[in-house]
Amino acid sequence: MLQVANLVKRYNRIPAVDGVSFTVRPGEILGYLGPNGAGKSTTVKMLIGLIEPTSGDIYFDGGDVRKDWPGFQRRLGYVPEEPSLYPHLAGREYLQLVGRLRGMPRKALEPRMDEMLRLLGLWEDRHTPLASYSKGMRQKILLSAALLHNPELLILDEPFSGLDVNTAAILRSLLWALAREGKMILYSSHVLEVVEKVCTSVVILRKGKVVAHDAVESLRGLMQQPTLEAVFAQLTEQEDPGRIVGGIIAAMRG
């Protein structure tokens, strides 16, 4: 189980993440939601060890991850929002590099990554430099890299970005299958319709604070709203789209 307790990150005394707590249990897909600037990406970066929390704790299976970051990261798979890849490497070379950095033996790595490339439709482009890959192709490579070592915990930041409809459907089914196997999945996203279909429960942030943490159906009932999007708009105090659109049209005409 992943446990986040009172996590705080301040920049110049201003909190970007302010006392965030949640858990992700085996078999759970937890949606992590919030408007731009709510603290989602900052939380994710603290979880994977890219930035140091100002205060708070992160536990995995009861152990403090900061006492053994390498050990925790070996059990973690991560798909970032922005694909930061080595453009001169071919797709297969990149997966080979990631696998070797994770300490995977060649006998296990080679067939596994080749099968990933075939299944995700990248086999014909396996020797093509990543610089020439489309965004969707790069996203498939990142997903393959995150799954190569069969991690216990997956942290996904906008994983559907750039994927075609067919691959998105495959990814949704894959996430459900991984959850059934007992994997823990934290899914950070802006796309509420997908979150509503994929996630078992959600955390909603506003200005760095948790304003909701519950099952999707429970939140809809509690807030008396028909959709997760309506719940999100109410909890995060989103502005009325109609008013904004009307103002833009008026400004164009003026």
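Each label point was placed 7 Å from the Cα along the Cα-to-Cβ direction; for Thr128 and Ala108 their separation is 3.1 nm.
Below 10 angstrom from the Cβ of Gly162, what's the summed charge of the other residues (Lys, Arg +1; Asp, Glu -1)?
Details: positive: Lys135, Arg138, Lys140; negative: Glu158, Asp164.
Net local charge, Gly162 excluded: +1.
Each of Met104, Met184, Met137 has some number of other Cβ atoms within 10 Å of its Cβ, and from fewest to most they run Met104, Met137, Met184. Our summary gives segment 77-181 a relative contact order of 41 percent, counting only alpha carbon pairs under 8 angstrom and 6 or more residues apart.
Spatial offset of segment 167-215 relative to segment 67-88 amounts to 19 Å, using the alpha carbon center of each. Net charge dipole, the chain: roughly 500 debye, given to the nearest 20, about the Cα centre with Cβ charges of +1 for Lys and Arg and -1 for Asp and Glu.
Determine the percent antiparallel among the DSSP beta bridges restricted to the chain, to the nearest 5. The answer is about 55 percent antiparallel.
A simple count of charges around Leu76, restricted to other residues whose Cβ falls under 14 Å of its Cβ and scoring Lys, Arg +1 and Asp, Glu -1, yields +2.
With respect to the cross-link table entries Lys45/Lys67; Lys135/Lys197; Lys9/Lys207, which display a Cα-Cα separation exceeding 19 Å? Before the final figure, lay out each step's value.
Values: Lys45/Lys67 17 Å; Lys135/Lys197 23 Å; Lys9/Lys207 12 Å.
Over 19 Å apart, Cα to Cα: Lys135/Lys197.
Of Glu81, Glu124, Glu181, the residue with the greatest mean-square motion in the GNM of the chain, using alpha carbon springs below 10 Å, is Glu124.
Taking K and R as +1 and D and E as -1, what net charge do the other residues with C-beta under 9 Å from the C-beta of Ala38 add up to? Charge balance near Ala38 sits at +4.
Give the calculated FRET efficiency between Asp164 and Val8 to the nearest 0.05, with a Förster radius of 45 Å applied to their Cβ-Cβ distance. It comes to 0.70. Over the residues of the chain, the helix contribution to mean residue ellipticity at 222 nm works out to -12000 deg cm²/dmol, using -39500 (n - 2.57) for each DSSP H run of at least 4. Here the residues Leu143, Leu97, Leu192, ranked from fewest to most Cβ neighbours within 10 Å of their Cβ, fall in the order Leu97, Leu192, Leu143. Taking Cα atoms only, the orientation of helix 165-180 departs from the longest principal axis of the chain by about 90 degrees.
Here the contact order of the chain, divided by its residue count and restricted to Cα pairs under 8 Å and six or more residues apart, works out to 27 percent. Modelled spin labels at Ala250 and Lys197, positioned 7 Å past Cα toward Cβ, are 3.7 nm from each other.
All of the numbers you see were taken from the coordinates with simple rules; none came from a lab. Keep in mind that what you see is a predicted model, and the values were worked out from it rather than measured. Please note: Cβ atoms are built from the backbone with ideal geometry, for glycine as well, and neighbour counts cover all protein chains shown.
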